[in-house]
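To start, the structure itself, in structure tokens.
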Amino acid sequence: MARIVVIGAAAHDDVVRLREPLRPGGHLNGIAAGGRLGGGGANTAVALAAADHTVTLLAAIGQDAAGDALRTELADAGVDTSQLARLARPTTHSLLLIDPGGERTVLNLTRCEEDQPPNRLLDLPVEAVYVRSRRCDLAPLLATKARTALVVAHLPPTEPDSRPAQILVASASDLDPAARRDPWSLGQAVAGELLQWVVITDGAAGARAYSEDESLVVPAPVVQPVDTTGAGDAFVAGLLHALVGGRPMAEALAVAVRFGAEATLWETSALPAAAVRRLCTE
């Protein structure tokens, strides 16, 4: 299996399950459903570790009880926590509102992030790097790692030259209409000459992938979502797992869609290990 570095957040998620959909100006009822591990980086890292990859998470956590708990939970899930930065600030904390149809709304309450980019990435020998961060100062690090490793980066950001990577992944809901009409041009502006594929996820509609001269479409299986939190993170874990295993994009996209759909069936932010192991045998 591959050595993979994930750059992104590790968070403590507090969950409220709503009795009715969100609506502007509404007065809603909900049930506190407890706390759990979350954050886009952590969610992806946990799933990749369950798929038997050697996964290192580059993230920042606080020097507090929440940070201690996250580090322990990540390590128990098989993620290498040796590169976590411990900062004298609160650990990232989010409130998740889950409506009766399983759709989630995320409220970021605190965010723990390093002031400088994680230059220690350059010292880590890896086959792949995944970036789930909006910070715009990572381009030099990614360009260097892309010489020897597959770099997959999530959008946004969409600033020119901000994400030198072979593969870009974005949610259709995060892109403006012009970008959705011409994702390849957006990808070229963001990733430059390294770009090989732009992958767009679109919830229940599945996913699409675009290269310079090819487009692929994979529909999503019909499911009844319980909790859509982390579905995009699970999608990327499936995509990376397939790509580092040598599968072509058409097959990798299908694997990714199955991972993403599966994630909606669990009341978790990270896809459970048992589900990952089953998906890896399909």
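The values are calculated or read from the model by the stated rules, or taken from the named source; none is laboratory data. Since we're looking at a predicted model, the values are computed, not measured. So basically every Cβ, Gly included, is an ideal-geometry build from the backbone, and we count neighbours across all protein chains shown. Accessible surface areas use protein heavy atoms only, side chains included; no ligands, DNA or RNA. Shrake-Rupley method; radii C 1.70, N 1.55, O 1.52, S 1.80 Å.
Summary of values
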item	result
Which numbered condition A234 misses (of (1) open to solvent by less than 20 Å² (accessible area, probe 1.4 Å); (2) over 18 Å from E282 (Cβ atoms); (3) of a type in the set (G, A, S))	(2)
Flag if L240 is within 18 Å of the chain's Cα centre (by Cα), in contact (Cβ under 8 Å) with a residue 24 or more places away in the chain and part of a strand (DSSP E or B)	no
Residues being under 23 Å from A139 (Cβ atoms), open to solvent by 50 Å² or more (accessible area, probe 1.4 Å) and in contact with a strand residue (DSSP E or B) (Cβ under 9 Å, 6 or more places away or on another chain) - total across segment 189-208	2
Residues of segment 209-229 classified as open to solvent by 10 Å² or more (accessible area, probe 1.4 Å), out of contact with any Lys or Arg (no Cβ under 6 Å at 6 or more places or on another chain), in contact (Cβ under 8 Å) with a residue 24 or more places away in the chain and not acidic (D, E), total	11
Condition met for A49 (open to solvent by 10 Å² or more (accessible area, probe 1.4 Å) and more than 18 Å from E267 (Cβ to Cβ))	yes
Residue that is under 26 Å from A204 (Cα atoms), touching a strand residue (DSSP E or B) at 6+ places or on another chain (Cβ under 6 Å) and of a type outside the set (F, W, Y), where the choices are R89, R104, R134	R104
Where L271 falls short, out of the listed (1) open to solvent by 20 Å² or more (accessible area, probe 1.4 Å); (2) modelled with pLDDT of 95 or more; (3) in a loop (DSSP other than H, G, I, E, B)	(1)
Filter result (in contact with a helix residue (DSSP H, G or I) (Cβ under 9 Å, 6 or more places away or on another chain), open to solvent by less than 60 Å² (accessible area, probe 1.4 Å), assigned to a helix (DSSP H, G or I) and touching a residue at least 24 places away in the same chain (Cβ under 8 Å)) within segment 245-268	M249, L253, A254, V255, A256, V257, F259, G260, A261, E262, A263
